[in-house]
Structure formats: structure tokens, C-alpha cells
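Quick notes on the structure that follows.
The values are calculated or read from the model by the stated rules, or taken from the named source; none is laboratory data. Bear in mind the structure is a predicted one, so any value in this text is a computation, not a measurement. Virtual Cβ from ideal backbone geometry, glycine too; neighbours counted across all protein chains shown.
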């Protein structure tokens, strides 16, 4: 995570290979997807890492701090079942 924080601008997933040369592309992909699923990072459709959770336990995810309209919450709840935090 620190390597991503130290990157100038918004890193793309493919840029991580330069920042983390000791890891293979498969390892980077697995780690990035784990971090995304855990809510620690947000990756947009172009592959840019656009948001990172602050370090420390108990930090909120982007979904928890975002100000979403009730219509968007309903849409997300419909497409992401079993998510109580979208109420």
C-alpha cells in the first residue's frame, strides 16, 4: 500500500510492476483484487487506482463515506446483494 501512496498521481494497475519489481504480474493482480474486494482501494474501469483507505484499523471505506442518493443506494443494493451497509 505504501508503494501506491508514494506514486505520483493516480497509478494504473500496469504501473505497479515498475513500483513493485519483485512481484510477478499474477501476484500484483491477486493483491490488487484482494485490496479492491476488501474496500482498501478503488480501481476504475480504466485500471486507475482512484481511492485508498487511510491506514489504521477502523477506517471507513469509500462506500461508507460517500454521499449517495437514495436512488443510487437502491440500484447498488439490487446489484450487490447481501450488503447491509447500503441501507
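Take the residues in segment 4-24 that are surrounded by 12 or more Cβ atoms within 10 Å (Cβ to Cβ) and assigned to a helix (DSSP H, G or I); name whichever of them is modelled with the lowest pLDDT. Working first, answer last.
At the first step, the residues of segment 4-24 found to be surrounded by 12 or more Cβ atoms within 10 Å (Cβ to Cβ) are 4, 7, 10-13, 15-17, 19-20, 23.
Imposing the further condition that a residue be assigned to a helix (DSSP H, G or I) reduces the set to 4, 13, 15-17, 19.
Numbers: 4: 72, 13: 86, 15: 86, 16: 85, 17: 87, 19: 83.
The residue in question is 4.
For segment 68-84: of the residues being over 17 Å from the mean Cα position of the chain (by Cα) and modelled with pLDDT under 75, which is surrounded by the most Cβ atoms within 10 Å (Cβ to Cβ)?
Step one: filter segment 68-84 for residues over 17 Å from the mean Cα position of the chain (by Cα), giving 68-75, 77-79, 81-82, 84.
Among the residues that remain, those that are also modelled with pLDDT under 75 are: 68, 79, 81-82, 84.
On the way: 68: 12, 79: 8, 81: 7, 82: 6, 84: 6.
Only one residue tops the list, namely 68.
Could you give me the residue pairs with C-beta distances under 8 Å whose first residue belongs to segment 59-82 and is not assigned by TED's automatic domain parsing to the domain that holds residue 39 and in a loop (DSSP other than H, G, I, E, B), whose second residue is at pLDDT below 70 and surrounded by 11 or more Cβ atoms within 10 Å (Cβ to Cβ) wherever it lies, and which are 6+ apart or on separate chains?
Correct list of pairs: 80/86.
Output the residue which, of all residues in segment 35-61 that are modelled with pLDDT of 85 or more and out of contact with any strand residue (DSSP E or B) (no Cβ under 6 Å at 6 or more places or on another chain), is nearest to residue 16 (Cα to Cα).
Residue satisfying both the conditions and the ranking: 46.
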